[in-house]
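The structure appears right after this line, and notes come after that.
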Amino acid sequence: MNNDSLIMQYDAQINRIEKEYREAQSRAKSLRKNLETIAEKTCNFKYAIKQLGGPNEIFKMSDGQLRDFIITNIIEQKQEFMQNIRELQQLYLECQRENQELASKVLSLQEALERNEGNNKILHASTPPPPTFSNSEEPSQDKAVVDDKLIMGGEVYDIARVVQRLTVYQEEIVKVMGEKGYSETAEIFGEVMKRIDIQETTLKNEMRNLSEKLVVESESISTFLRRNLSLYRLTQLGEAVYKRLTEKTPVKAQRDKLESQHSTLEHAYLIKDTASILETLGYTNVTYDSKDNQIQVAGGNRYVPDISADFSPTVKTYWECELGHHKDADFFEKLQKAAKVTDTLYVITPRKEVSDKMKKQIGRYKASVVTKQMKTQLIVFVGTISQLKTRQLFSNKDCQIKIG
């Protein structure tokens, strides 16, 4: 082998070694950069780009030392965090004890004032503002029950004393609301009148008195068939009273349950009113609970109609109540799922302008079915809740759209 060949081999080896060296350097820099990024993101004040009092010693660490520093620092942070949790738990218990002592002192002072004034009114120095509705099932921050005492809205209530001052009729109203979850007075009063002999006029006065005592609270809404519909629920005090009367936990108010299942109260009570009309028209097994209406369809998806109802023992119908807020993609997907379950779908709206909007949207879906050469077969009846009530929905040709 001549010298030229040897030189060429040496050059090739040198080039290969240089390449491997550069690659190793690149990996080392990348590793170091990753370690420094991890340290910067996860470590506490002990790691800082700039530190007072001189250069940062961390930058002098080897990769292995920096790795160990990160692990140790994270463990230290975890230990500090657990210590903070223990201290917060201790503070919480101390606050609970202080609240209990304060509640007892306030009650003692109020009882002394009552004796001096010679009155037997329910304990409250001033009437707090009515509590607002809350969808949360968790107790709110201003609620605390200690030794049968309730702190609500900054006032302390003796639950036993509140119960003692309820009339028999008021107790029955509370029991019905806690047991059934009814929110509408027609349902509440109807159930109470089944249990005891009392007139509706008297019940209205009793409900008004319960509101004044802050045992119940109400909110008025307007539906498409009913104006100024009052929806009731038990307050925090009312829930405590129900537990005292029955030793049971009250069910969730229907108003809250419906709102949690649907987008708005407007949508929820359009569904409820539609279901009521269907029952009047002779449909059976009318269901508008989304948990009960879930239907598995192909592809692992679910179709959940707003309402399902039996037209006959062998014919089940499916109903959607729409306010015209859905985007095309979402509504098209809903129609596609419905088509896998039924060949006929009913869409109910609150007003004519919403029906017109829905007809245009369904028309666009029909066009997409043709464009994509889909095999979907579906007849959609679209109309207002008034058209359903008068049965025009079924006879008016303008309410019918055939797809496929």
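The values are calculated or read from the model by the stated rules, or taken from the named source; none is laboratory data. Because the structure is a prediction, the values reported are computed rather than measured. Note that each Cβ is placed from the backbone with ideal geometry, even for glycine, and that neighbours are counted across all protein chains shown.
Within the stretch 251-310, track down each residue that is of a type in the set (Gly, Ala, Ser) and within 17 Å of ALA186 (Cβ to Cβ).
Passing the criteria: ALA253, ALA268, ALA275, SER276.
Could you grab me the full set of residues in the stretch 294-315 that are in contact (Cβ under 8 Å) with a residue 24 or more places away in the chain, farther than 25 Å from ASP256 by Cα and in a strand (DSSP E or B)?
Within the stretch 294-315, ASP310, PHE311 qualify.
So is THR223 polar (S, T, N, Q) and surrounded by 14 or more Cβ atoms within 10 Å (Cβ to Cβ) or not? First the steps, then the outcome.
Values: polar (S, T, N, Q): yes; surrounded by 14 or more Cβ atoms within 10 Å (Cβ to Cβ): yes.
Spelling it out, THR223 is indeed polar (S, T, N, Q) and surrounded by 14 or more Cβ atoms within 10 Å (Cβ to Cβ).
Which of (1) surrounded by fewer than 19 Cβ atoms within 10 Å (Cβ to Cβ); (2) over 28 Å from the mean Cα position of the chain (by Cα) does LYS257 not meet, given it meets every other one?
(2)
Residues SER290, SER263, SER276, SER308: which one is touching a strand residue (DSSP E or B) at 6+ places or on another chain (Cβ under 9 Å), surrounded by fewer than 18 Cβ atoms within 10 Å (Cβ to Cβ) and at negative phi?
SER276
So for the stretch 322-335 (the condition being surrounded by 15 or more Cβ atoms within 10 Å (Cβ to Cβ), touching a residue at least 40 places away in the same chain (Cβ under 8 Å), at negative phi and charged (D, E, K, R)), does at least one residue qualify?
The answer is no; no qualifying residue exists.
Look at LYS291 and say whether it is out of contact with any Leu (no Cβ under 8 Å at 6 or more places or on another chain) and either outside any loop (DSSP other than H, G, I, E, B) or of a type in the set (Phe, Trp, Tyr) (or both).
It is false that LYS291 is out of contact with any Leu (no Cβ under 8 Å at 6 or more places or on another chain) and either outside any loop (DSSP other than H, G, I, E, B) or of a type in the set (Phe, Trp, Tyr) (or both).
Just a yes or no: is a residue in the stretch 239-247 crowded, with 16+ Cβ neighbours inside 10 Å, part of a helix (DSSP H, G or I) and either outside the structural domain of TYR157 (by TED's automatic domain parsing) or touching a Cys at 6+ places or on another chain (Cβ under 9 Å) (or both)?
The answer is no; no qualifying residue exists.
Quick check on LEU214: is it buried (at least 19 other Cβ atoms within 10 Å of the Cβ), among the aliphatic types (A, V, I, L, M) and touching a Ser or Thr at 6+ places or on another chain (Cβ under 6 Å)?
Considered against the rule, which asks whether it is buried (at least 19 other Cβ atoms within 10 Å of the Cβ), among the aliphatic types (A, V, I, L, M) and touching a Ser or Thr at 6+ places or on another chain (Cβ under 6 Å), LEU214 comes out as yes.
Filtering the stretch 204-227 down to residues that are in a strand (DSSP E or B) and β-branched (Val, Ile, Thr), which residue is nearest to ILE159 (Cα to Cα)? Let's see the steps before the verdict.
As a first pass, look at the stretch 204-227 and keep what is in a strand (DSSP E or B): 216-221.
Cutting the leftovers down to β-branched (Val, Ile, Thr) gives us 216, 221.
On the way: VAL216: 14, ILE221: 31 Å.
Step by step, filter the stretch 204-227, then rank; the result is VAL216.
Please verify whether VAL106 is closer than 30 Å to LYS257 by Cβ and at pLDDT 50 or above, treating the condition exactly as stated.
No; evaluated as a whole, the condition is false for this residue.
Just one of the numbered conditions (1) surrounded by 20 or more Cβ atoms within 10 Å (Cβ to Cβ); (2) free of Cβ contacts under 8 Å to residues at least 60 places away in the same chain; (3) in contact with a Ser or Thr (Cβ under 6 Å, 6 or more places away or on another chain) is not true of ILE348; which one?
(2)
Would you mind finding the one in TYR232, TYR182 that is out of contact with any Leu (no Cβ under 6 Å at 6 or more places or on another chain), assigned to a loop (DSSP other than H, G, I, E, B) and in contact (Cβ under 8 Å) with a residue 24 or more places away in the chain? Before you say what the answer is, go through the steps one by one.
Details: TYR232 fails: assigned to a loop (DSSP other than H, G, I, E, B).
TYR182 is the lone residue from the list that is out of contact with any Leu (no Cβ under 6 Å at 6 or more places or on another chain), assigned to a loop (DSSP other than H, G, I, E, B) and in contact (Cβ under 8 Å) with a residue 24 or more places away in the chain.
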